[in-house]
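Working notes, beginning with the structure itself.
The values are calculated or read from the model by the stated rules, or taken from the named source; none is laboratory data. Quantities reported herein were computed from a predicted structural model and do not represent experimental measurements. Please note: Cβ atoms are built from the backbone with ideal geometry, for glycine as well, and neighbour counts cover all protein chains shown.
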Amino acid sequence: MKSLHTFFLMVLTVCVVFVSLSEVSQAGDDKFVPLFNGKNLDGWANINCAPETWTVRDGMIICTGFPTGLLRTDKQYENYILELEFRHMKKKGNAGVFIHSDAMTAVGTPFTRAVECQVMDGNGGDVFSIHGATMAQDNQKPVGYPRSFPTENRIKPAGQWNHYRIVCKDGTVTLAVNGKVVTRAFHLNPCKGYICLESEGSEVHFRNIRIHELPCSNPPPELVAEEYKGFRPLYNGVDLRGWKQTVADKGHWIAKNYILEYDGKSEKSEKYKNHLKSEEEFENFVLIVDWRLTRKPKINDPTMNDVKVVLPDGTYAKDDNGEDIRIRIFDAGDSGIFLRGSGKAQVNIWCWPVGSGEFWGYRNDKNTPAEIRKAVTPILNADSPLGKWNRFEITVVDDWVTVVLNGKTVIRQAQLPGMPKRGPILLQNHGDPIQFANIFIKELK
């Protein structure tokens, strides 16, 4: 009798748990609201793609897959149930749904810090953190690999519609593919941010995107993604729309997906003319530009160079005879960014030990007051190792400039007398190969 009582108690417990889980999984289905209205992209923002990358047709968001980049929601979300349908238009197509995403792309990449729910033909359902986001993964293969793998592959073949149900709750995520939970992850950081759709090389369609928001836990700022700060892209990843180049430079500035590359093979600039110039002109602004020098220096070859030692006040170090002290460096090239079209107001990119970010034209002008020459000299060298990506954040207000390199202020409130009040942004042709990416601007009033 006792064993029979225990048996019925176990059955009752299982039933209660089952009903409870069912209620959770179906809770609030009548409270879903559309994230996509089926008519246009209201409520969404194109982070870094060409205008034609994301379009709307027949109640679907159509993604061409090129360039690699993201479409994000206007609003951040923390706890919610997200449902959507997608289909790939060719085999092995790739895309993704990002959750808890920053608004700005990470350095040197077309993607944001986020957690990605993989949308891949033949292998969907992976969940993994990227570019500084973190999580505790489940179902690792092999153990220690930084992603949660689905317990089974439930993706339908290319051309057929698939359904995702993504539940985010207090830093956890579960992903159901075509009606069954196959992936989980825990301790997500950030645990609040934007939702993004990913473009990654092949055509993909999305439809029936809807969300049911759950009560928020009000996470601390450390767990919240970076909010949108008003930046817009100046480079679309497809071509040089919005930029002007000289005849001599044509074919040497190349749109290579999210990377804008200069091959270094055209003629050197002459009197600040042969550079890539923005069609728009700007007055006061914050400019974000990622860059890396791509020439590989080697020992005992022409990429080794003797350079002067720049002192903190902008002058050069001298020996006992009053001669300039020179030291040998690995030289991967030289370039720069001209502000308001001014060759003198050039934010320098180079390999000198003083570091990038200086204003050569002002520092070497002996008619410039000493305090200004000091102000335009980098406070410290914040360059990444050669070949790695760097990020400039350049703030220009009237004739005052601040330059932040890789998160460190290298030029603080330097005055550039005589700088034009308004002008284009120029990427310098200095005869050396270089790559740029993530060119964004925010105009200031």
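What the table below lists for this structure:
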| item | result |
| --- | --- |
| Scan of the range 203-226 for residues that are exposed (fewer than 14 other Cβ atoms within 10 Å of the Cβ) and either among the hydrophobic types (A, V, I, L, M, F, W, C) or within 21 Å of the chain's Cα centre (by Cα) (or both), ordered by number | CYS216, PRO221, GLU222 |
| Residue within the range 124-145 that is free of Cβ contacts under 8 Å to residues at least 60 places away in the same chain, part of a strand (DSSP E or B) and within 22 Å of ARG210 (Cβ to Cβ) present | yes |
| Single condition LEU71 does not satisfy, out of (1) under 28 Å from CYS216 (Cβ atoms); (2) at pLDDT below 95 | (2) |
| Failed item, numbered, when TYR316 is tested on (1) surrounded by 12 or more Cβ atoms within 10 Å (Cβ to Cβ); (2) under 35 Å from the mean Cα position of the chain (by Cα) | (2) |
| Residue match in the range 199-212 (condition: in contact with a helix residue (DSSP H, G or I) (Cβ under 6 Å, 6 or more places away or on another chain) and over 21 Å from LYS141 (Cβ atoms)) | yes |
| Where a residue in the range 102-120 is in contact (Cβ under 8 Å) with a residue 12 or more places away in the chain and among the aromatic types (Phe, Trp, Tyr) and its partner, wherever it lies, is assigned to a strand (DSSP E or B) and surrounded by fewer than 22 Cβ atoms within 10 Å (Cβ to Cβ), with Cβ under 9 Å and at least six apart | PHE111/ILE130 |
| Selection within the range 98-111 - over 20 Å from THR183 (Cβ atoms), among the hydroxyl-bearing types (Ser, Thr, Tyr) and either touching a Cys at 6+ places or on another chain (Cβ under 9 Å) or assigned to a strand (DSSP E or B) (or both) | THR105 |
| Condition check for ASP301: assigned to a strand (DSSP E or B), modelled with pLDDT under 95 and over 31 Å from the mean Cα position of the chain (by Cα) | no |
| Among (1) at pLDDT below 95; (2) touching a His at 6+ places or on another chain (Cβ under 8 Å) - the single one GLY431 does not satisfy | (2) |
| The range 325-341, residues that are modelled with pLDDT of 95 or more and assigned to a strand (DSSP E or B) | SER335, GLY336, ILE337, PHE338, LEU339 |
| Selection status of ILE130, buried (at least 20 other Cβ atoms within 10 Å of the Cβ), in contact with a strand residue (DSSP E or B) (Cβ under 7 Å, 6 or more places away or on another chain) and under 27 Å from TYR235 (Cα atoms) | no |
| Total residues in the range 29-54, condition under 22 Å from GLU83 (Cβ atoms) and either of a type in the set (S, T, N, Q) or loosely packed, with under 13 Cβ neighbours inside 10 Å (or both) | 9 |
| Any hit, the range 351-370, residues being under 14 Å from ASP290 (Cα atoms), touching an Asp or Glu at 6+ places or on another chain (Cβ under 6 Å) and either surrounded by 20 or more Cβ atoms within 10 Å (Cβ to Cβ) or not assigned by TED's automatic domain parsing to the domain that holds THR109 (or both) | yes |
| PHE86 vs. criteria in a loop (DSSP other than H, G, I, E, B), among the hydrophobic types (A, V, I, L, M, F, W, C) and modelled with pLDDT of 95 or more | no |
| Elements of type strands (runs of 3 or more DSSP E) contained in the range 343-445, each with 3 or more residues being over 25 Å from TYR258 (Cα atoms) | 400-405, 408-415 |
| Scan of the range 350-392 for residues that are closer than 19 Å to GLY423 by Cβ and in contact (Cβ under 8 Å) with a residue 40 or more places away in the chain, ordered by number | PHE359, TYR362, VAL376, PHE392 |
| Pairs where the first residue, in the range 240-260, is assigned by TED's automatic domain parsing to the domain that holds ASP290 and modelled with pLDDT of 90 or more and the second is aromatic (Phe, Trp, Tyr) and assigned to a strand (DSSP E or B), C-beta under 6 Å, 6+ apart | GLN245/TRP253; TRP253/TYR262; LEU260/PHE436 |
| Scope the range 31-69; condition in a helix (DSSP H, G or I) and under 24 Å from the mean Cα position of the chain (by Cα); matching residues | PRO51, GLU52, THR53 |
| Boolean, GLN118 is of a type in the set (S, T, N, Q), in the same structural domain as ILE211 (by TED's automatic domain parsing) and in a loop (DSSP other than H, G, I, E, B) | no |
